[in-house]
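Here is the structure we will look at, set down as structure tokens.
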Amino acid sequence: MTAVDRESMEYDVVIVGAGPAGLAAAIRLKQLDPDLSVVVLEKGSEVGAHILSGAVLDPAGLDALIPDWRDRGAPITTEVSDDRFYLLGKGGRMKIPNWPMPGFMK
């Protein structure tokens, strides 16, 4: 059998998946130790390629991780002004009142 010569790189931390949790972990690790070598592996063609919906974002996580994210020009500019919840079915939609919804959905 012929030996295959493969290229390799060494890292202190390898994070699989560039979703919100993976990216937050990588950012936090670099904040704690800038000399740490961290790599994020993503199977999609680009970061966010597998995110189905990013329409609603609670900025509390960003505030804790990167307190000055607003000043840095993050492209998050529209605030939620109204909530509507519907139960969808074959016959159409039925509005669900907001009051029974859990706090994180308000």
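The values are calculated or read from the model by the stated rules, or taken from the named source; none is laboratory data. Every value quoted in this text rests on a predicted model; they were computed, and no experiment measured them. No Cβ is skipped: glycine too gets one built from the backbone with ideal geometry, and neighbour counts run over all protein chains shown. Heavy atoms of the whole protein, side chains included, go into the accessibility calculation; ligands, DNA and RNA do not. Shrake-Rupley method; radii C 1.70, N 1.55, O 1.52, S 1.80 Å.
Quick check on Ala60: is it surrounded by 12 or more Cβ atoms within 10 Å (Cβ to Cβ) and free of Cβ contacts under 8 Å to residues at least 24 places away in the same chain? So that I can check it myself, show each step before the final result.
Working: surrounded by 12 or more Cβ atoms within 10 Å (Cβ to Cβ): no; free of Cβ contacts under 8 Å to residues at least 24 places away in the same chain: yes.
No; evaluated as a whole, the condition is false for this residue.
Working only within segment 1-52, note down all residues that are part of a helix (DSSP H, G or I), aliphatic (A, V, I, L, M) and surrounded by 13 or more Cβ atoms within 10 Å (Cβ to Cβ).
Here is the first cut: in segment 1-52, the residues part of a helix (DSSP H, G or I) are 20-32.
Then keep just the ones that are aliphatic (A, V, I, L, M); that gives 21, 23-27, 29, 32.
Leu23, Ala24, Ala25, Ala26, Ile27, Leu29 - these are the residues of segment 1-52 that are part of a helix (DSSP H, G or I), aliphatic (A, V, I, L, M) and surrounded by 13 or more Cβ atoms within 10 Å (Cβ to Cβ).
Identify the residue in segment 63-72 that is open to solvent by less than 90 Å² (accessible area, probe 1.4 Å) and in a loop (DSSP other than H, G, I, E, B) and, among all such residues, is farthest from Val14 (Cα to Cα).
Ranking the candidates gives Asp68 first.
Residue by residue, here is whether (1) open to solvent by 90 Å² or more (accessible area, probe 1.4 Å); (2) of a type outside the set (Ser, Thr, Tyr); (3) at pLDDT 85 or above; (4) part of a loop (DSSP other than H, G, I, E, B) holds:
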position	(1), (2), (3), (4)
Gly54	no, yes, no, yes
Ala74	no, yes, yes, yes
Thr78	yes, no, no, yes
Leu88	yes, yes, yes, no
Asn98	no, yes, no, yes
